[in-house]
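Report on the following structure.
The values are calculated or read from the model by the stated rules, or taken from the named source; none is laboratory data. What you see is a predicted model; the values in this text were computed from it and never measured. Ideal geometry is used to build each Cβ from the backbone, glycine not excepted, and the neighbour counts take in all protein chains shown. Protein only, heavy atoms only, side chains kept; ligands, DNA and RNA dropped before computing areas. Shrake-Rupley method; radii C 1.70, N 1.55, O 1.52, S 1.80 Å.
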Amino acid sequence: MASDDAVKKCKIIIIGAGMAGLSAATHLVKNNMTDFIVLEARKRIGGRIISIEVESHRVELGANWIHGVLGNPMYEMAMSHGLIDIVNIPKPHKVVAATEDGKQVPFQLLQEIYEAYSCFLHRCEEYFLCQYEPPAGISSVGEHIALEMEMYLEGMEGEARRIRRLIFDCLLKRETCISGCTSMADIDLLELGSYTELQGGNIALPAGYSCILEPVSRHLPADSLYLDHAVASIDWRSSEHSPSPAPSDNDSDDSDRTVTGGDKDCSCPVSSVKVTCENGAAFVAEHVICTIPLGVLKEKSGQLFTPPLPEYKTESIDRLLFGTVDKIFLAYERPFLNSDISEIMLLWDVEDNADKDDLSKTWYKKIYSFSKVSETLLLGWVSGREAEYMESLPQQQVADTCTCILRKFLNDPFVVFQIDVFRTKWFGEPNTRGSYTAMAVGASQADIERIARPLYAHNRSSRTHHAKPLVAFAGEHTHTNFYSTVHGAFLTGRSAAQTLLTAEHESQLQQQQSDASSAAAAADDDQPTPTVVDCDTTDLSSWIRGIALD
């Protein structure tokens, strides 16, 4: 532990320099608050945003697209800084689907099943949007789609039924990568529609998603960013003037507000948070914005926070799903796919045998397709337990397995082996422990709201003082509609920063009103003191998120 003399003090500590942390820091700077520091565990900023150069192409190891145009702050930022090529005409996207024996499925059949599957998925979303009651015994998206599939395939037999089922299974595997889970049976049926999809499709940044980190971080003070500072503990019940008081009956862990008090024996108590890093560095601030990913909270929240987080928070952290989605990039010396084909879907045969639970023999069957990044660079996706298992394998074994898959489905034994391979390991990454948030069966938007709710502190010796937020939470896992997205992380970071700014502003107003009342009483002045209410109409989304409904 660092000595008291070595402890750095500031107004606000932001934990994490991913999009949520950078957004919070930028919002503070724009509001003339620069007394803050950002602690980042990695030796770089960006969190789950990272682009690298492979075969003269920018490829995304993390966030892949800007999801939607209308109302998306990431799109607006990219446009305003010239990061999107609006005159670029995208190449036609031609998809083929093949079985394990190398036979291609007619495109009309592929289109038929895709349209039916899309209809099934939209019906699942309607349970949330229209408050429908699901069929008895159906609680997950996977169960509901399986029921729809059986009804759709009823009356079909033989090869016609088999091929259609293989396409459905492939689309479900694709959906696990979109949702971030092992199986769609993991996703709650009643909450699927809670995710809000912005209109405009998926937008890729030509220079890589990492290029958006420059405009969102350019205004940070030079001495505010501490890289390679992994946080080891967050003591959120401390005081700058005295040791932390023992919990009393006055402490509240209810679902509305969790509070803790300063030392009531101190004449000038100031609640504060002490953050200690793994390298021994220690910091003290009046507020903390915690953007630690949900995967790390699931693994370490019990040892990170002192005292432990309230039970309602830990229960919600446990209920939400934080799945793994990994990418496998294969670089080849020369092209072997037809130039007009952009993606090949892999229609794996369904096997009911003793090996189905042996990941060593089945993990690769979770790869639903290989798509072209370039003529010589292919990308495969894998999710869930299979992705976690893939991360444990030697890289060369993963690469050779993928090339053998291509030989099988293309019915071409002469496909050359790759010259290079890159893969992600988001589950093994200690600072994420997965990819992004999903609604597990039994979870709901209420769990996200509970995790996002700040931890408060107030002065027990002066009950007239308003509680102030001691620890605020941000990150994609704290946005009820945009979880799993970069724009969700951005908006929650900005909202958390605004929460602290508003609390500071209200404190100043309260002090001014108190001083004015004292002066009026001393002068025996009966004139009423006007109340000033600030409303920042330029930040509509933060204002809406701040509305409390009784």
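The table below gives the values:
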quantity	calculated
Charged-residue dipole, Cβ positions (Lys, Arg, Asp, Glu), segment 1-59 about Cα centre, Debye nearest 20	120 debye
Accessible-area value, His122, 1.4 Å probe, nucleic acids and ligands omitted, Å²	110 Å²
Extreme residue, positive dipole direction of segment 66-211, given options Leu198, Ala185, Cys124 (C-beta unit charges)	Leu198
Among the listed pairs Lys91/Lys173; Lys94/Lys408; Lys300/Lys372; Lys356/Lys425; Lys30/Lys313, those beyond 29 Å (Cα-Cα)	Lys300/Lys372; Lys30/Lys313
For segment 331-372, convex hull volume per residue from C-alpha positions, Å³	91 Å³
Residue-by-residue Karplus 3J(HN,Hα) for segment 187-201, coefficients 6.51, -1.76, 1.60, Hz, glycine and proline x	9, 5, 5, 6, 10, 4, x, 5, 6, 9, 8, 7, 6, x, x
